[in-house]
Amino acid sequence: MQHRQLGKSAIHVSDICMGTMTFGSQTDEKDAFRILDRCMEVGINFFDTAEGYPVPPDVKWVGRTEEIIGRWMQMQNRDRIIMATKVSGPSHIWFKSPCRGGMTALDRHNIMVAVEGSLRRLQTDYIDLYQTHWPDHATGYDETMEVLDELVRAGKVRILGCSNESSYGLMKSLAVSEKLGTARYHTIQNNYSINNRRFEDELKQVCRLEGVSLLPYSPLAGGVLSGKYQDGARPEGARFSQYLEMKGARQFDMAQRFAGDRALASTARILEIAKDAGLSPVTLATAWSKQNDFVASTMVGVSNEAQLDEIFAAIDLILPDDVMTAIHHVTKEILYPMG
């Protein structure tokens, strides 16, 4: 297992991170514990959650994921674990966070309430990486970065990161931190996969020049790159199978992006490349993500233990140049398959 530095910080993490957004909804506590245990067994020390998990967001179970992880951590050596969580920011009409009655501005009050809640549910004195889940341009980065800095100075948080942020927002936050002398963002957690390489347009260069690490989530493009939606398949219980039934809702639009005709055409080509390389498409997509220099750790997620093996197969895998070139040709020929 390779380890990489998070931004300019002193923290080094495994180059695969286990995401936990299904724990407490699709995945019960017993299975979640087994997944976490197996990750530790293979050398994964980096785990990501959020105050708003599990998904789909719902007031009936909000916070349950952190509670499950908190109980698991009581049976572990805390010093061996790099724990990341997030404070909910405005979700920009995609969904309304169930946290604090939907009041999720990144102001002093909400951040302070959020961090105390996460610390309590995780049963820990500190969070290794604390991230803003969505940007809040209305509150302003000055207030957000100042209060996050207080958490670092108080020892409740080690380092800071952002998620679902834009080039403007990342540069603005870094400029504010430099101006005010506060702690800065060391990571950005955004959607990035073979089927969604928009991060490379601008944010890749921001990360390289500013010393910020990408923590890509959804390296399988929402599961599409596994091939399970090919040829019109709609696997029972799968997220986009459900979303494609919700015509008129934003979930339907999301499914059309992730599992639309262009995305499925790109996926078909990737499946052929994986087959020729003798790899599962899950292993290929995970290894490809890890092989980008601006990536510190690739965020993966599973709902059951059986899904781990294909991910673990990517742990020490380096894709040869001809495979990387073949993948690049696909993304040049089918530009922006997710629109």
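None of the figures in this text is laboratory data; all of them are computed from the coordinates on show. These numbers come from a predicted model, not from an experiment. When we count neighbours, we look across all protein chains shown, and the Cβ atoms used for this are built from the backbone with ideal geometry, even at glycine.
Here the calculated FRET efficiency for Lys30 and Gln123, from their Cβ-Cβ distance with R0 = 22 Å, stands at 0.75, rounded to the nearest 0.05. When +1 charges are put on Lys and Arg Cβ atoms and -1 charges on Asp and Glu Cβ atoms, the dipole computed for the stretch 3-189 relative to its Cα centre reaches about 120 debye.
By how many degrees, 0 to 90 and rounded to 10, does the Cα axis of helix 141-153 deviate from the longest principal axis of the chain? So the inclination is approximately 70 degrees.
Where only DSSP H runs of four or more residues are counted, the chain gives -12000 deg cm²/dmol as its mean residue ellipticity at 222 nm, each run worth -39500 (n - 2.57). In the chain, Cα pairs under 8 Å separated by at least six residues give a relative contact order of 18 percent. With a Cα cut-off of under 17 Å and a minimum spacing of 8 residues unless on different chains, the lysine pairs in the chain number 7. Of the trypsin sites (Lys or Arg not before Pro) found in the stretch 28-71, the ones in coil according to DSSP and having at most 15 other Cβ atoms within 10 Å of their Cβ are Lys60. Entry note, the stretch 3-189: relative contact order of 18 percent, from Cα contacts under 8 Å with a spacing of 6+ residues. Against the chain, whose longest principal axis is taken from its Cα atoms, helix 321-333 shows a tilt of about 90°. When you filter the trypsin sites (Lys or Arg not before Pro) in the stretch 224-269 for DSSP loop state and at most 13 other Cβ atoms inside 10 Å of their Cβ, you are left with Lys247. Taking amide H as placed 1.01 Å from N in the peptide plane, Ser213 has its amide H under 5 Å from the amide H of Gly7, Thr187, Ile188, each at least 5 places away in sequence or on another chain. Computed from phi, the 3J(HN,Hα) profile of the stretch 74-91 under the Karplus parametrisation 6.51, -1.76, 1.60 (θ = phi - 60°) reads 5, 9, 10, 7, 4, 5, 7, 9, 9, 9, 10, 9, 9, 9, 5, x, x, 9 Hz, with x in place of Gly and Pro.
The local environment of Leu151, defined by Cβ-Cβ distances under 15 Å, has a net charge of -2 under the rule Lys, Arg +1 and Asp, Glu -1.
Counted over the stretch 3-189 with a bin width of 5 Å, the fraction of Cα pairs per bin, in whole percents, is 1, 8, 17, 22, 21, 16, 10, 4, 1, 0. Pairing the Cα long axis of helix 64-73 with the longest principal axis of the chain, what angle in degrees results, from 0 to 90 and rounded to the nearest 10? For 64-73 against the chain, the angle is about 80 degrees.
Picking from Leu209, Leu170, Leu279, which is most flexible by a Gaussian network model of the chain using Cα springs under 10 Å? Answer for the Gaussian network model of the chain: Leu209. Using the Cβ of Arg184 as centre and a radius below 15 Å, the other residues enclosed give a net charge of -2, where K and R count +1 and D and E count -1.
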